[in-house]
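**Student:** Pasting in a structure now, in structure tokens, and then I'll have a few things to ask.
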Amino acid sequence: MKAMSAFDRVLEAARSTTRRVVLPESSDSRILSAAVEARRRRLADPILLGDAAQLHAAAAKLDLSLEDINIVDPATSPRIEHYIAALVAKRADRGMTPEKAAHALEDPVTFACVMVSEGDADACVAGAITATAEVVRNAVRYVGPRAGESLISSCFIMLLKPEHPVKDVMFIGDCALVIDPDAQQLADIAVATGETAMQLTGITPDVAMLSFSTSGSARHAAVSKVSQATALAREKRQDWRIVGEVQLDAAVMPDILARKAPEQASDTPCNVLIFPSLDAGNIGYKLIERFGGAQAIGPILQGLSKPVNDLSRGCSTEDVVNIIAVSAAQVRSIH
């Protein structure tokens with residue numbers, strides 16, 4: 001029998017308790033197809049936003065049936081007055097009025113995030129046709145950070161091939177949100193990404209704080225930042241192995257790490273990679289995906305009180321199904 005992969009455990013967690021995942025971008029054929037597939041595989045109970053007749057007609061053109069899919073039309077929702085009142089209460093100090101709230105709720109992503117905030121959905125997935133900045137802005141405004149969190153960051157799950165130096169799965173961050181993190185923010189991203197890895201897949205985080213230097217082999221402010229972040233992350237999670245500052249090859253090839261930094265050597269390659277900036281992270285994950293042949297799932301948002309996750313606008317239907325499953329599994333881990 002084939003051993004269960006780390007991502008198989010995410011899928012099993014999603015199936016263990018059916019979660020309501022709202023999909024506001026229902027005009028996109030990838031979203032319609034993913035909703036049907038996620039429902040068929042019992043990964044979630046999808047909620048599509050839009051006019052039911054129009055959505056059924058669009059699905060029919062794709063040879064899909066939405067018979068078992070919940071559809072909510074924001075224009076006729078009986079919850080709209082409740083949502084307006086909730087927005088006014090939440091953002092009265094920012095000048096929110098009933099008129100402004102009603103206007104804001106005309107945006108499907110805003111409506112979806114308020115559904116999550118008010119308990120009418122467990123999670124939201126958007127980004128197929130909406131910029132990441134808009135998804136994140138709505139998530140922060142209307143869902144809000146988890147108690148005690150000061151930073152919203154992101155990570156990707158990279159599903160790896162047998163020939164890759166890290167076995168099965170790797171988590172990498174931040175590749176989508178925090179442009180130029182300082183040392184404290186970088187440490188927070190490292191801890192958040194390790195915790196996401198642990199909660200979703202059960203793996204033990206072996207964290208690498210990436211740099212162009214390994215253990216002081218170069219001197220530069222960028223190196224010092226990663227070195228400081230390593231120390232801060234170690235203070236926060238003394239039970240984890242956190243390697244840094246370290247070059248990528250040493251992070252994933254134990255023999256190279258043994259030569260470059262014998263004091264940090266281990267037989268285990270790092271399975272959580274933390275990039276020093278968004279430039280490095282965004283370029284890095286796309287190199288791993290496009291040239292390395294790994295499958296990228298994400299970006300997964302970290303630090304929110306309830307799951308809201310982003311999609312790449314170049315996503316496939318399979319990508320959407322996978323992030324729906326991640327979102328459902330996150331509900332389980334958060335609660």
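**Student:** Starting from 0 in steps of 10 Å, tell me what percent of the Cα-Cα pairs of the stretch 76-208 lands in each bin.
**Tutor:** Pairs per bin, as whole percents: 11, 33, 30, 19, 7, 1.
**Student:** Count the lysine pairs in the chain that are 8 or more places apart or on different chains: how many have C-alpha atoms under 21 angstrom apart?
**Tutor:** Values: Lys2/Lys161; Lys2/Lys167; Lys90/Lys100; Lys90/Lys306; Lys161/Lys286; Lys167/Lys286; Lys225/Lys236; Lys225/Lys260.
For the chain, qualifying lysine pairs total 8.
**Student:** Roughly speaking, what is the centre-to-centre gap between the stretch 198-226 and the stretch 102-158 when only Cα atoms are used, to the nearest Å?
**Tutor:** 29 Å
**Student:** Working out 0.36 nm times the residue gap between Ile80 and Glu263, then minus their Cα-Cα distance, what length gain in nm do you get to one decimal?
**Tutor:** On the way: separation 183, 0.36 × 183 = 65.88 nm, distance 5.97 nm.
This chain segment gains 59.9 nm when fully extended.
**Student:** Taking every DSSP beta bridge that has both residues in the chain, what percent is antiparallel when rounded to the nearest 5? Walk me through the numbers on the way to the answer.
**Tutor:** Values: 12 of 35 bridges.
So the antiparallel bridges amount to about 35 percent of the total.
**Student:** To the nearest 20 Debye, how big is the dipole of the stretch 1-145 about its Cα centre, given +1 on the beta carbon of each Lys and Arg and -1 on that of each Asp and Glu? Let's see the in-between values first.
**Tutor:** On the way: 18 positive and 20 negative charges, 111 e Å.
The dipole of the stretch 1-145 has a size of about 540 debye.
**Student:** If the stretch 89-147 were replaced by its equivalent ellipsoid, with semi-axes equal to the square roots of 5 times the Cα gyration tensor eigenvalues, what would those be, largest first, whole Å? Intermediate results must be reported in sequence, preceding the final value.
**Tutor:** Numbers: eigenvalues 65, 38, 26 Å².
They are 18, 14, 11 Å, listed largest first.
**Student:** Follow-up question, since we're still on this one. So if we plug the beta-carbon distance of Lys100 and Glu318 into 1/(1 + (r/R0)^6) with R0 = 22 Å, what FRET efficiency do we get, rounded to 0.05? Don't skip to the end; give the middle numbers.
**Tutor:** Details: r = 38 Å, r/R0 = 1.75.
So, using R0 = 22 Å, E works out to roughly 0.05.
**Student:** Also, quick follow-up: Along its three principal axes, how long is the stretch 148-246 when you only count alpha carbons? Whole Å, largest extent first please.
**Tutor:** That gives 36, 36, 27 Å along the principal axes, largest extent first.
**Student:** Please give the charge dipole size of the stretch 200-335, origin at the Cα centre, charges +1 on K and R Cβ atoms and -1 on D and E Cβ atoms. Round to the nearest 20 debye. Walk me through the numbers before you get to the answer.
**Tutor:** Values: 13 positive and 13 negative charges, 62 e Å.
With Lys and Arg at +1 and Asp and Glu at -1, about 300 debye.
**Student:** Mind ordering 23-30, 294-301 by average Cβ neighbours within 10 Å, highest first? Present the calculation step by step, with values, prior to reporting the outcome.
**Tutor:** Numbers: 23-30: 21.6, 294-301: 23.4.
Output ranking for 23-30, 294-301: 294-301, 23-30.
**Student:** Among Ile288, Gln247, Val326, whose Cα sits farthest toward the positive end of the charge dipole of the stretch 233-335 (+1 at Cβ of Lys/Arg, -1 at Cβ of Asp/Glu, about the Cα centre)?
**Tutor:** So the residue we want is Val326.
**Student:** Rounded to whole Å and sorted largest first, list the principal axis extents of the Cα atoms in the stretch 38-144.
**Tutor:** So the extents along the principal axes, rounded to whole Å, are 48, 26, 23.
**Student:** What is the pair-distance distribution P(r) of the chain, computed from all Cα-Cα distances in 10 Å bins starting at 0, with each bin given as a whole percent?
**Tutor:** For the chain, the pair-distance distribution reads 6, 26, 32, 22, 11, 4, 0.
**Student:** Taking 1 over the mean of 1/r across every pair of different Cα atoms in the stretch 53-94, what Kirkwood radius in Å do you get?
**Tutor:** On the way: mean 1/r = 0.0783 Å⁻¹.
Evaluated on the stretch 53-94, it is 12.8 Å.
**Student:** Could you run the Karplus curve 6.51 cos²θ - 1.76 cosθ + 1.60 with θ = phi - 60° over the stretch 109-121 and give me ³J(HN,Hα) per residue in whole Hz, x for Gly and Pro?
**Tutor:** Along the stretch 109-121, the couplings run 5, 4, 4, 5, 5, 5, 4, 5, 4, 8, x, 8, 8 Hz.
**Student:** Treating the beta-carbon of each Lys and Arg as +1 and of each Asp and Glu as -1, no other charges, what is the dipole magnitude of the stretch 87-183 about its Cα centre, to the nearest 20 debye? Intermediate results must be reported in sequence, preceding the final value.
**Tutor:** Working: 9 positive and 14 negative charges, 20 e Å.
In total the dipole reaches around 100 debye.
**Student:** For the stretch 207-292, just say rounded, prolate or oblate: build the C-alpha gyration tensor, square-root its eigenvalues into a ≥ b ≥ c, call rounded for a/c under 1.5, and beyond that prolate if a/b exceeds b/c, oblate if not. Could the numbers behind the result be given before it?
**Tutor:** On the way: a/c = 1.38, a/b = 1.17, b/c = 1.19.
The shape class here is rounded.
**Student:** Would you tally the net charge around Leu257, using a Cβ to Cβ cut-off of less than 14 Å, leaving Leu257 out, and scoring K and R as +1, D and E as -1?
**Tutor:** Details: positive: Arg241, Arg259, Lys260; negative: Asp206, Glu245, Asp249, Asp255, Glu263, Asp267.
Net charge around Leu257: -3.
Quick note: the coordinates plus some simple rules give every number you see, no bench work behind them. Not measured: the values here are computed from a predicted model. Please note: Cβ atoms are built from the backbone with ideal geometry, for glycine as well, and neighbour counts cover all protein chains shown.
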